[in-house]
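The values are calculated or read from the model by the stated rules, or taken from the named source; none is laboratory data. Note that this is a predicted model, so its numbers are computed, not measured. A quick note on method: Cβ atoms are made from the backbone with ideal geometry, for glycine too, and the neighbour counts reach across all protein chains shown. Side chains are part of the model used for accessible areas, which takes the heavy atoms of the whole protein and leaves out ligands, DNA and RNA. Shrake-Rupley method; radii C 1.70, N 1.55, O 1.52, S 1.80 Å.
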Amino acid sequence: MNESEAITKALKNRRSIRAFRPDPVPEGVLNDVLETALLAPSWGNVQPYRVAVASGETAKEIATDLTDRFNCAAQIQRAGILAKLGALMKGGVKPDGDYNTVMKYPPELGARYRETGVGLYGVLGIERGDKQARHNQMARNFSFFDAPTALFIFCEKSLGAYGPLDTGIFIQSLALAAEERGLGTCIQAALATWSSPVKARFDIPENYRLLCGVSIGYPADHKVNSFAPQRRPLGELLLKPKT
Ligand SMILES: Cc1cc2nc3c(=O)[nH]c(=O)nc-3n(C[C@H](O)[C@H](O)[C@H](O)COP(=O)(O)O)c2cc1C
């Protein structure tokens, strides 16, 4: 196989992994993935990204903090107005991430977003009305779907769209390098909803913002990992010339 086929193979085989085996990722393998991802292009080669690697006890602590916040926020959503105010006053629950992770999708994109959610819950056998099961599945984001390691990806704040663009290219490079080494990844905006648990444990330069997390580890043999949402057809991608 020539090199370009290897890239296509990794692109085709990579998918978001949402169930991991507990086996740790050897430090040498993880460093190799990160160094390979550093080959990604960036505007002016400035590489405006930094990564906080959380494994072992640190990963467990961050997962506990994030899961507590998520469960608490969900409880508040269900509670009456007074309970809501009381809980919010206590603090720690309101998202304190650097970016807004709760989007209102435009109708053109919203349909696909909902379809993807329906597909994921369908694979898991979760009924549309089963709020508790949906909550539990959502909550698994915050314990990294049991991955032994979570990467928290930070992006320099002053480059407008080009900081997150460069960082996105880096993240996809990382996901493909991981795939090639038998590792699975899940890129997760959810992991940027609260940034304080990560910021409390890593030395983050003041000008860096938490863009997202990436759970990384060896994929478990679980039906959720068979979910492969379709891509739009080429004809829908291409913009039509003016007539
Ligand atoms: C920027 C970004 C944020 C994402 N956030 C989440 C997330 O918070 N939780 C999750 O389970 N998947 C998340 N995903 C994974 C997407 O749902 C997934 O990439 C998409 O459905 C396509 O599926 P595939 O990655 O399996 O090809 C995210 C992906 C990207 C690129």
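Computed quantities for the displayed model
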read-out: Per-residue HN-Hα couplings for the range 151-156 [Karplus 6.51, -1.76, 1.60; θ = phi - 60°; Hz; x = Gly/Pro]; value: 9, 9, 9, 9, 10, 5
read-out: Vicinal HN-Hα couplings computed from phi for the range 111-119 (Karplus, 6.51 cos²θ - 1.76 cosθ + 1.60; Hz; Gly/Pro x); value: 4, 5, 4, 5, 4, 5, x, 4, x
read-out: Positive-end residue of GLN188, PRO107, GLY122, charge dipole of the chain with Cβ unit charges; value: PRO107
read-out: DSSP loop GluC sites (Glu not before Pro) with at most 13 other Cβ within 10 Å excluded, longest remaining stretch of the chain; value: 1-126
read-out: Reference-scaled alpha-carbon Rg (2.2 N^0.38 Å with N residues) for the chain; value: 1.07
read-out: Residues with amide H under 5 Å from that of ALA19, placed H, sequence gap 5 or more; value: ALA220
read-out: Separation of alpha-carbon centers, the range 115-134 and the range 174-243, rounded to whole Å; value: 20 Å
read-out: When each of LYS12/LYS131; LYS60/LYS104; LYS60/LYS131 is checked by Cα-Cα distance, pairs over 29 Å; value: LYS12/LYS131; LYS60/LYS104
read-out: FRET efficiency, 1/(1 + (r/R0)^6) with R0 41 Å, evaluated for ARG14 and GLN75 via beta carbons; value: 0.70
read-out: Extended-chain gain in nm, criterion 0.36 nm per residue less alpha-carbon gap, GLU115 and ASP221; value: 35.8 nm
read-out: Dipole of the range 1-78 [Lys/Arg +1, Asp/Glu -1 at C-beta], most positive-end residue of ASN31, SER4, GLN77; value: GLN77
read-out: Carbon/sulfur fraction of accessible area - the chain, other protein chains in place, 1.4 Å, %; value: 56 percent
read-out: MRE, 222 nm, helices only [DSSP H, n ≥ 4, -39500 (n - 2.57), over the chain, to nearest 500]; value: -14000 deg cm²/dmol
read-out: For LYS157, residues with placed amide H under 5 Å, excluding near neighbours; value: ARG209
read-out: Dipole magnitude of the chain about its Cα centre (Cβ charges: Lys, Arg +1; Asp, Glu -1), debye to nearest 20; value: 1160 debye
read-out: Gained length - ALA6 relative to ARG231, 0.36 nm times residue gap less alpha-carbon distance; value: 79.0 nm
read-out: Which of PHE170, GLN132, ALA200, positive extreme of dipole for the range 11-224 (C-beta unit charges); value: GLN132
read-out: Highest-fluctuation residue, GLY44, GLY125, GLY217 considered, GNM on the chain with Cα pairs under 10 Å; value: GLY44
read-out: Contour minus Cα-Cα distance for LYS240 and PHE202 (0.36 nm per residue); value: 8.9 nm
read-out: For the range 8-14, Karplus couplings with θ = phi - 60° (6.51, -1.76, 1.60), whole Hz, Gly/Pro x; value: 4, 4, 5, 5, 6, 7, 5
read-out: Solvent-accessible area per residue, Å², over the chain with all protein chains present [probe radius 1.4 Å]; value: 60 Å²
read-out: Whichever aspartates and glutamates have a C-alpha closer than 15 Å to that of LYS157, once near sequence neighbours (fewer than 8 apart) are set aside; value: ASP98, ASP166, GLU206
